[in-house]
1. What number of residues within segment 1-25 are outside any loop (DSSP other than H, G, I, E, B) and at pLDDT 80 or above?
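The values are calculated or read from the model by the stated rules, or taken from the named source; none is laboratory data. Keep in mind it's a predicted model, so treat the numbers as computed, not measured. FYI the Cβ positions are ideal-geometry reconstructions off the backbone, even for glycines, and counts take in every protein chain you see.
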Amino acid sequence: MIRAASVLAAEENNPLIPHAYEMVVGIFSFVVVLVVVGRMLVPRIQKTLEERTEAIEGGLVRAEEAQKEANQVLADYKAQQKAAAVEASNERRKAEEQGAQIIAQAKEQAQVEARRIVENAKEQIEAERQQALRSLRAEIGALSVELAGRVVGESLEDSARQSRVVDRFLEELEERARTQEQITS
């Protein structure tokens, strides 16, 4: 019995086992806290969680929409860039063709101008040659008339006679020149 009494006394003083009135107060307090939390705090917590969930889901939806829009803008930009590159290539090709045409026209105009200059120079040279021949004929004629007059001993003042003598003399000179050219060729 002593043992039983000591076990009972030990149980009453055991700090791990609460007293009955503490259990009733604890249970009552727990129920009050549970009701307050269940009625007031749980709906607020659920409402806050729902708002956060909606905000997160809305943010994800907006992010997906923004991503789709960004992808569309990127695709449009790439298409515009490709179109611009094609257009630039076409413009460069057209410019090269126009440049080639301009160069060809300039060459043609230069050739025409060169031919015209050469023709003018030839005409001028021929005119000067003819003038030099006329001048030379006149001088040779005058000299040959004077020489012939000295050789013959009579005056060859008659212009028709002078002209015939000069022409005959020049023809002989030209014939000699031709025969010498033929011999040398």
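1. 6
Conditions tested, residue by residue: (1) assigned to a helix (DSSP H, G or I); (2) of a type in the set (D, E, K, R); (3) exposed (fewer than 10 other Cβ atoms within 10 Å of the Cβ); (4) at pLDDT 90 or above.
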| residue | (1), (2), (3), (4) |
| --- | --- |
| ILE27 | yes, no, no, yes |
| VAL31 | yes, no, no, yes |
| PRO43 | yes, no, no, no |
| ILE56 | yes, no, no, no |
| ARG62 | yes, yes, no, no |
| LEU74 | yes, no, no, yes |
| TYR77 | yes, no, no, yes |
| GLN80 | yes, no, no, yes |
| GLU91 | yes, yes, no, yes |
